[in-house]
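Novice: Here you go, one structure.
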Amino acid sequence: MKLRDLDIIITAPPAPGWGGRYWILVKLTTDDGIVGWGECYASSVGPAAMRAVIEDVFDRHMAGENPEDIELMFRRAYSSGFTQRPDLTVMGAFSGLEIACWDIVGKARGRPVHAMLGGRMNDRIRAYTYLYPLPHHLLEDFWTSPEMAAESALDCVDRGYTAVKFDPAGPYTMRGGHMPGMRDISMSVAFCKAIREAVGDRADLLFGTHGQFTTAGAIRLGQAIEPYAPLWFEEPIPPDAVEEMAKVARAVRIPVATGERLTTKAEFAPVLRSGAASIVQPALGRAGGIWEMKKVAAIAEVYNAQMAPHLYAGPVEWAANVQLAASIPNILMCETIETPFHDQLIKGAIRVEDGFITPSDAPGLGIDVDEALARAHPYDGDGLHLQMQDAPCDYQNGNSFEGGAPAPREV
């Protein structure tokens, strides 16, 4: 069995577009006709450039190889260009291709991926979701309304979720860490208070940030929301400042979580070793793939840390997250995005029921991708999957920020 053909589909989820501006799906086919699907979560270059990178990584390191030889292909990609160090774009390309290899190997053997990762450890996986507007909410008002957030949180909890995530803390800017504005701190406290009052102890609060603060600013914000006992304080400062993040972890009585922008064990291990985070959030379509994150899960075990795979992408990466989560003892929860398009693209193969996911025993990733649907929604924009804001934090008028990929308005 040899890898023969690569096809790349860049699909844009329809409005409201939760999961980013586009998803990069890869389809690998072997010489004996087995098809595997993967997803590349890479956003530092545009989709046309990323297509070229994926093709190069496949042609250079994987074409003609046995899809079982994942370690060999990983070492080739990781070492390419005399580097032997993490490269965000190359690893983003390899990760999606690696996921597709696991899908192929599972289908060839008639076994789910988790069965080849040490077997099924977890029969149910706890799910969490971001808070999104309900149908009657005005989109432009939702991001600064603690009352709407609380209503959305209660809806999630009534559907069985035991954890909800929200991010009211101001902009992610290309300028690096900033000191939060006082209005942003007050807004964050108001969100925590309203949501906690709405859900009581039925759900954990997951406070999302995306590396937007200085160390001092993160500590100031984190201490302000401590009374509402969030389960985590997500990526409070830029992800490469490991020792600074450890200072935040020591100063704030909320567990720090990080990982969606990290890649390979070379970047995750220092985070765990320094005590910068006790919850690790890899994006499997960027971080090196399923096998590399199985290694990171083992490292996390040594430091008594837990895994919470990240998802701001499509359902193929979600399927990979679920397969990894099924196989590891230190899973905390998995991020989910429930939209009709996510569901339709994998033909309803993964469902959240009463706040939990049951891993599939179907071969490979356990999904059936609707290829025609993916091709029917091509991406024709010029934005990146996620983008930083150029403008600085507004200390005079406050901030209303919808994230790195604001929801498109339906026409």
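The values are calculated or read from the model by the stated rules, or taken from the named source; none is laboratory data. Predicted model, so just to flag it, every value in this text is computed and none were measured. Neighbour counts are summed over all protein chains in view; Cβ atoms, including those assigned to glycine, are modelled from backbone coordinates with ideal geometry.
Novice: For the range 135-181, what are the residues that are of a type in the set (S, T, N, Q) and either in contact with a His (Cβ under 6 Å, 6 or more places away or on another chain) or closer than 29 Å to THR214 by Cβ (or both)?
Specialist: We begin by selecting, within the range 135-181, every residue of a type in the set (S, T, N, Q); these are 144-145, 152, 162, 173.
Within the range 135-181, THR144, SER145, THR173 meet the criteria.
Novice: On to the next question. For the range 334-377: of the residues being assigned to a strand (DSSP E or B) and surrounded by 13 or more Cβ atoms within 10 Å (Cβ to Cβ), which is farthest from the chain's Cα centre (by Cα)? First the steps, then the outcome.
Specialist: Narrowing the range 334-377 to residues assigned to a strand (DSSP E or B): 334-336, 352-353, 356-357, 364.
Those left that are additionally surrounded by 13 or more Cβ atoms within 10 Å (Cβ to Cβ): 334-336, 352, 356-357, 364.
Working: CYS334: 9, GLU335: 7, THR336: 9, VAL352: 17, PHE356: 17, ILE357: 16, GLY364: 20 Å.
Only one residue tops the list, namely GLY364.
Novice: If you take the residues in the range 186-224 that are surrounded by 23 or more Cβ atoms within 10 Å (Cβ to Cβ) and among the hydrophobic types (A, V, I, L, M, F, W, C), which one is nearest to PRO238 (Cα to Cα)?
Specialist: PHE213
Novice: Among the residues of the range 170-185, are any assigned to a loop (DSSP other than H, G, I, E, B), in contact with an Asp or Glu (Cβ under 8 Å, 6 or more places away or on another chain) and at positive phi?
Specialist: Yes - at least one qualifying residue is present in the range 170-185.
Novice: Right, LEU138: surrounded by fewer than 18 Cβ atoms within 10 Å (Cβ to Cβ), farther than 30 Å from LYS294 by Cα, hydrophobic (A, V, I, L, M, F, W, C) and at pLDDT 95 or above or not? Lay out the reasoning, then the answer.
Specialist: Values: surrounded by fewer than 18 Cβ atoms within 10 Å (Cβ to Cβ): yes; farther than 30 Å from LYS294 by Cα: yes; hydrophobic (A, V, I, L, M, F, W, C): yes; at pLDDT 95 or above: no.
No: the conditions fail for LEU138.
Novice: Taking the condition of being part of a loop (DSSP other than H, G, I, E, B) and surrounded by fewer than 19 Cβ atoms within 10 Å (Cβ to Cβ), how many residues in the range 258-311 meet it?
Specialist: Of the residues in that region, 3 qualify.
Novice: What pairs come up if the first residue lies in the range 77-99 and is surrounded by fewer than 18 Cβ atoms within 10 Å (Cβ to Cβ), the second is in a helix (DSSP H, G or I) and among the charged types (D, E, K, R), and their beta carbons are under 6 Å apart, counting only those six or more places apart or on different chains?
Specialist: Once the first residue is surrounded by fewer than 18 Cβ atoms within 10 Å (Cβ to Cβ) and sits in the range 77-99, its partners that are in a helix (DSSP H, G or I) and among the charged types (D, E, K, R) give PRO86/GLU267.
Novice: Within the range 1-56, count every residue that is assigned to a strand (DSSP E or B) and at pLDDT below 95.
Specialist: Residues in the range 1-56 being assigned to a strand (DSSP E or B) and at pLDDT below 95: 0 in total.
Novice: Any residue in the range 250-270 that is at positive phi and β-branched (Val, Ile, Thr) sitting within a Cβ distance under 6 Å of a residue that is part of a loop (DSSP other than H, G, I, E, B) and crowded, with 22+ Cβ neighbours inside 10 Å? List the pairs, counting only those 6 or more apart or interchain.
Specialist: Once the first residue is at positive phi and β-branched (Val, Ile, Thr) and sits in the range 250-270, its partners that are part of a loop (DSSP other than H, G, I, E, B) and crowded, with 22+ Cβ neighbours inside 10 Å give THR264/GLY288.
Novice: Moving on to the next point. Looking at the range 151-162, is at least one residue in contact with a helix residue (DSSP H, G or I) (Cβ under 7 Å, 6 or more places away or on another chain), surrounded by 22 or more Cβ atoms within 10 Å (Cβ to Cβ) and among the hydrophobic types (A, V, I, L, M, F, W, C)?
Specialist: yes
Novice: Still on this structure, please answer the following. Which of the residues that make up the range 312-331 are in contact with a helix residue (DSSP H, G or I) (Cβ under 9 Å, 6 or more places away or on another chain), not small (Gly, Ala, Ser) and not in a helix (DSSP H, G or I)?
Specialist: ILE328, PRO329, ASN330, ILE331 - these are the residues of the range 312-331 that are in contact with a helix residue (DSSP H, G or I) (Cβ under 9 Å, 6 or more places away or on another chain), not small (Gly, Ala, Ser) and not in a helix (DSSP H, G or I).
Novice: Then there is this: Out of the residues in the range 166-213 that are within 23 Å of the chain's Cα centre (by Cα) and of a type in the set (S, T, N, Q), state the one that is nearest to ILE337 (Cα to Cα).
Specialist: Checking each candidate, the answer is THR209.
Novice: Still on this structure, I have one more. What is the one condition in (1) under 17 Å from SER188 (Cα atoms); (2) touching a strand residue (DSSP E or B) at 6+ places or on another chain (Cβ under 9 Å); (3) polar (S, T, N, Q) that THR144 does not satisfy?
Specialist: Answer for THR144: the failing condition is (2).
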